[in-house]
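The values are calculated or read from the model by the stated rules, or taken from the named source; none is laboratory data. Owing to the predicted nature of the structure, the values given are computational and were not obtained by experimental measurement. A quick note on method: Cβ atoms are made from the backbone with ideal geometry, for glycine too, and the neighbour counts reach across all protein chains shown. For accessibility, only protein heavy atoms count, side chains too; no ligands or nucleic acids. Shrake-Rupley method; radii C 1.70, N 1.55, O 1.52, S 1.80 Å.
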Amino acid sequence: MTGGADPAIELSVVVPMFNEAEALPALVSRLRPVLEGLGVPYELVAVDDGSTDGTGELLAAFRLGWPELRVIGLRRNSGHQAALTAGLDRAVGAYVVSLDADLQDPPEKIPDMLALARAEGLDIVYGIRADRASDTGFKRWTAGLYYRLVRRLAGPSVPAQAGDFRLLSRAAVDALKALPDQQRVYRLLVPWLGFPSGRVTYERAPRTAGRSKYPLGRMIRLAVDSVTGFSAAPLRLATWLGGFAFLVCLGLMVYTLSAHVLDHTVPGWTSLFTGVLFIGAVQLICVGLLGEYVARIYTAIQNRPTYFVGHDTAEQAEETTSRR
């Protein structure tokens with residue numbers, strides 16, 4: 001079962017996990033009653049992204065009494081978006097919900113998402129964080145800055161305060177799977193599809209247990225991937241910086257010639273030194289921006305898979321059945 005629709009499954013819930021052993025019992029205790037209360041056939045696709053804290057063993061234990069739990073183990077830690085991709089690629093439900101394991105996004109909103117999608121014929125339902133009071137001030141500030149930036153670059157179709165808690169129809173999932181992007185940022189890819197969408201709001205809760213999987217370094221990497229993956233604006237910025245630096249150079253040239261004519265060459269040393277530093281900084285920025293795009297081209301040419309599946313309990317069950 002490597003993906004595609006299964007008429008027998010109405011809903012798939014994809015949960016990427018990396019070292020979530022502490023949060024997993026609370027997740028199961030809240031998520032399972034919600035899914036069973038829907039009264040529809042479902043599967044829970046737990047993607048173990050190379051955990052080292054016993055998450056895989058806990059999932060195997062929970063699966064003994066929960067046949068709807070499907071465990072996909074990646075061979076190595078590939079990152080949150082890659083783990084999410086693995087889950088979306090292999091989910092088989094008519095609708096697919098993506099949810100993080102930390103319970104900051106409430107699974108109790110899944111029935112509302114499914115009901116809204118059915119009632120209005122929507123392909124996408126976003127979970128919108130109406131209240132982020134549980135986050136630190138720095139986290140709220142950086143998140144606000146990120147969403148303002150991507151909405152300016154990628155367009156207003158990107159919902160503000162929408163993370164990876166969303167519902168997708170089978171048509172939307174198949175459209176995402178057909179895209180050639182390797183370094184995927186679903187917060188931008190999903191709105192880019194332009195499918196009919198709706199919103200469900202909720203209050204963001206504190207993390208249940210464990211540590212955030214998006215520290216400052218990964219947040220910066222996500223922002224860089226978002227910008228370079230969806231806009232050529234940084235390249236245009238480099239062009240504008242180059243033009244501005246050229247004008248500054250012209251001004252310094254006029255100043256230098258004037259100082260030479262007036263025999264005031266020594267006082268001009270400061271401005272010349274500052275100009276050299278400024279031009280060097282602009283050049284390094286431009287080269288760095290160009291390097292980001294060249295790196296993305298290089299990655300696309302390599303065409304390496306973003307993840308490798310070590311095991312999938314659904315495939316193992318099929319193999320066992322076929323041998324009988």
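For the reader, a short list of remarks on this structure follows.
- Stretchable slack from VAL34 to ARG304, in nm (0.36 nm times residue separation minus alpha-carbon distance): 93.5 nm
- Under the simplified labelling scheme, the ALA61-LEU193 pair shows an inter-label distance of 3.6 nm, with each label point 7 Å from Cα along Cα→Cβ.
- Area accessible to solvent at TYR95, 1.4 Å probe radius, in Å²: 40 Å²
- Exposure ranking of VAL287, VAL45, VAL34 by accessible area [1.4 Å probe, largest first]: VAL287, VAL34, VAL45
- Amide hydrogen proximity for HIS311: with H placed 1.01 Å from N in the peptide plane, the residues at 5 or more positions away or on another chain lying under 5 Å are GLY73.
- Accessible area (Å², 1.4 Å probe, nearest 10) - ASP174: 70 Å²
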